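As structure tokens, the structure follows; a few thoughts come after it.
Please treat every number below as a calculation from the coordinates, not as lab data. In this text, all values refer to a predicted model and were calculated from it rather than measured experimentally. Note that each Cβ is placed from the backbone with ideal geometry, even for glycine, and that neighbours are counted across all protein chains shown.
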Amino acid sequence: MTSTPVPYIGRFAPSPSGPLHMGSLVAAMASYLDAKVHHGTWLLRIEDLDYDRNVEGADRGILASLQRCGMQWDGEATWQSRRLPLYEAALKQLQDDGLVYACGCSRKEIQDSVLQAGGPKGAATVYPGTCRHGLAPGKAARALRLRVPQGADAVYAFADRWAGPQRQDLTSEVGDFIVLRGDGYWAYQLAVVVDDGAQGITQVVRGADLLDSTPRQLYLQDVLGLPHPGFLHVPVVTNDSGEKLSKQTGALAFDTASNAADLLASALLPAARFLGLEVRADKVEDFWRQAIPAWARRLAQLPEHP
Ligand code: GLU
């Protein structure tokens, strides 16, 4: 009996908060190459739900930069802002299951109560569950939070295809987390899971800054009845002081690169080098012809994780 291979569906999901930069190019390249190596589909989804951070025209700029780089997505690109009914339906499902509650705490109040309870200053804030059993008197609802499980069910472990085994206890390391923000914006965690599910994503390839979001996403997949995709998180490009590049600080010369040689030298080759790919090309088509098998070799070199 022959088994049918599972189709590969990957995606690149940039936020349109500025032009494609070296950090986002690396994530785009890794997800594109992984889809190509697996003869898969590569979707493009613009994550534009944080309306305060969206920059006018940045979405079109990112699409144009990807195309200039020779990374063509399959099918139509999608915009999260055009898919709001999907997030509403998911929230309704979570509410019907009694998993969501209104929270009236401000960020400062949460930090203060963590400090009062003897928690470390400056550490990632774990929501202490203040409104878990109802809004504290006199407080107005600001955000909607999802209850995380307690005990052993709170521990999410997964094998990242690049970074290896990961483990997080949602109760002690995260706490109940926001699915709808106080300003009415959908939280990244909810939207990304709903879309990955709706689009049938089988492999998520992205930057390692999202490694610690993955257990929350696995949990959301469980409570929404969605399958777990595979995950591969590539290292994050940092500046000289070790900070993650932002769209503001990491602008790439390739937006102004006038020819293929500039594009290769300023964008594609450095991104490939960062991923540890051996590619020497002076034409964009040659670059991809070499980069696809180089990615397969790179994956084969990753340590065998237990
Ligand atoms: N939109 C997110 C970002 O630009 C990436 C989301 C993801 O790949 O899950 O950082």
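Of note:
- Across the chain: Cys residues that no other cysteine approaches within a C-beta distance under 4.7 Å: CYS69, CYS105
- Sequence-separation-based contact order of the chain, relative, with Cα cut under 8 Å and 6+ spacing, percent: 22 percent
- Annotation for GLU304 and THR125: the two label points, set 7 Å from Cα along the Cα-Cβ direction, are 4.5 nm apart.
- At full extension, GLU285 and ARG167 could sit 38.5 nm farther apart than now, given 0.36 nm per residue minus the alpha carbon distance.
- Alpha-carbon centroids, region 9-43 and region 79-101: separation in whole Å: 26 Å
- Dipole of region 62-142 [Lys/Arg +1, Asp/Glu -1 at C-beta], most positive-end residue of GLY98, ALA140, SER65: ALA140
- Summing Cβ point charges (Lys, Arg +1; Asp, Glu -1) relative to the Cα centre of region 1-106 gives a dipole of roughly 320 debye.
- Label-point gap, in nm, between TYR185 and ALA198 - each point 7 angstrom along Cα→Cβ: 1.9 nm
- Sorting 102-108, 82-88 by their mean Cβ neighbour count within 10 Å, with the most densely packed peptide first, gives 102-108, 82-88.
- If you run the Gaussian network model on the chain, springs between alpha carbon atoms under 10 Å, then out of ALA30, ALA271, ALA117 the most flexible one is ALA117.
- Protection proxy ranking of 66-74, 20-28 - average other beta-carbon atoms within 10 Å, highest first: 20-28, 66-74
- For the chain, the dipole from Cβ point charges (+1 on Lys and Arg, -1 on Asp and Glu) about the Cα centre works out to 120 debye, to the nearest 20.
- Note on the chain: dipole from Cβ charges, positive end direction compared against PHE231, PRO5, LEU269; the farthest Cα belongs to PHE231.
- Note on the chain: GNM, Cα springs under 10 Å; of ILE292, ILE46, ILE110, the largest mean-square fluctuation is that of ILE110.
- Spacing of the two label points (7 Å from each Cα toward its C-beta) at ARG273 and ALA208, in nm: 1.9 nm
- Between region 149-171 and region 261-306, the alpha-carbon centres lie 31 Å apart.
- A Förster distance of 25 Å, applied to the separation of the beta-carbon atoms of ALA265 and GLN67, puts the FRET efficiency at 0.85.
- Positive-pole candidate from MET29, GLY207, ALA157, dipole of the chain, charges at beta carbon: ALA157
- The packing ranking of peptides 207-220, 145-158, highest mean first, is 207-220, 145-158, where packing means the average number of other beta carbon atoms within 10 angstrom of each residue.
- Note on region 135-182: with charges restricted to the Cβ of Lys and Arg (+1) and Asp and Glu (-1), its dipole about the Cα centre is near 300 debye.
- Between helix 107-116 and the chain: long-axis angle, C-alpha atoms, 0 to 90°, nearest 10: 70 degrees
- Taking a sphere under 14 Å around the Cβ of ASP96 and counting the other residues whose Cβ falls inside, with K and R at +1 and D and E at -1, yields a net charge of 0.
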